[in-house]
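K.L.:
I have a structure here, written as structure tokens, and I will follow up with some questions on it.
The values are calculated or read from the model by the stated rules, or taken from the named source; none is laboratory data. These numbers come from a predicted model, not from an experiment. For neighbour counting, all protein chains shown are included, and Cβ atoms are generated from backbone atoms with ideal geometry for every residue, glycine included.
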């Protein structure tokens, strides 16, 4: 690690955290799929972070909930769709820390007591639905509930995707570097922007020469969101990346719509299960891996290049699919 990376690493370590995950998560080669796709492909198992059913949100929540505790908050709000992995993991983390989670979710997707909703029921989580497509409406409702409670409250945005949360995946890039692993490409799902932005920024800092590919599973303007979150996270670390060369690409894999399974995504879920015994989900990782397959089939990876797929979790969503 050079002097600049070491300095940035020290700044990253200075941010308060709570211990929620089991790190580092393992990386291993996908032997059968490497042969199937004729590329050298590895997987980082961030579905094995230890909290709930695991997943990428654990890294963000270590930073965000430390901030909530620092501010003396007793209630934590967050949001997402009805089957939000992030919302479920936030509830699990809050329970572990003695905080009260309140989930104000969009009444979109599977609202029955299946998948992540069943896990929230097991945890006794306070879940409320709003029939809206506007997160602004939801954040206003959170403020109203929080103000009426008379207790200090903390709002985590959808997906934990703000500058502070994004630092969790800057740290993940540093972790990959510490595992003495060199990759030409990193591929991961992009659903709210923070994980992708953190990984792209982290690759700039700790994995020079690595291209990061965000597989967009929603229709949000990620071409605006990704660089904005990268810039804001970099500012938290005291660095300026405004003139740096772009080290990422974005690929639309949304298919028929957010949280609506796609044929290519479902095929990718089945391929990973059949070939490697690893379970993806139909909303995020299945579509993201389908994007990786598409890139491989279109010759976007050169012979001899090493590709890393970040498994960001989401297994709970499998059990809400009929």
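K.L.:
Output the residues belonging to region 172-181 that are surrounded by fewer than 24 Cβ atoms within 10 Å (Cβ to Cβ) and touching a residue at least 12 places away in the same chain (Cβ under 8 Å).
P.N.:
Once the filter is applied, which keeps residues that are surrounded by fewer than 24 Cβ atoms within 10 Å (Cβ to Cβ) and touching a residue at least 12 places away in the same chain (Cβ under 8 Å), region 172-181 yields 173, 174, 175, 177, 178, 179, 181.
K.L.:
Within region 39-61, track down each residue that is buried (at least 24 other Cβ atoms within 10 Å of the Cβ) and at positive phi.
P.N.:
The answer is 52, 54, 55.
K.L.:
Considering (1) over 21 Å from residue 313 (Cβ atoms); (2) part of a loop (DSSP other than H, G, I, E, B); (3) in the same structural domain as residue 226 (by TED's automatic domain parsing), say which one residue 177 fails and leave the rest.
P.N.:
Answer for residue 177: the failing condition is (2).
K.L.:
Taking region 38-56 only, how many residues are touching a residue at least 40 places away in the same chain (Cβ under 8 Å) and in a loop (DSSP other than H, G, I, E, B)?
P.N.:
9
K.L.:
List the strands (runs of 3 or more DSSP E) that sit entirely inside region 182-272 and contain at least 1 residues that are farther than 21 Å from residue 305 by Cα and touching a residue at least 40 places away in the same chain (Cβ under 8 Å).
P.N.:
Details: elements: 185-190, 211-216, 248-252.
So the answer is 185-190.
K.L.:
May I pose another question? For region 255-269, indicate whether the set of residues that are under 16 Å from the mean Cα position of the chain (by Cα) and crowded, with 19+ Cβ neighbours inside 10 Å is non-empty.
P.N.:
Yes, that holds for at least one residue.
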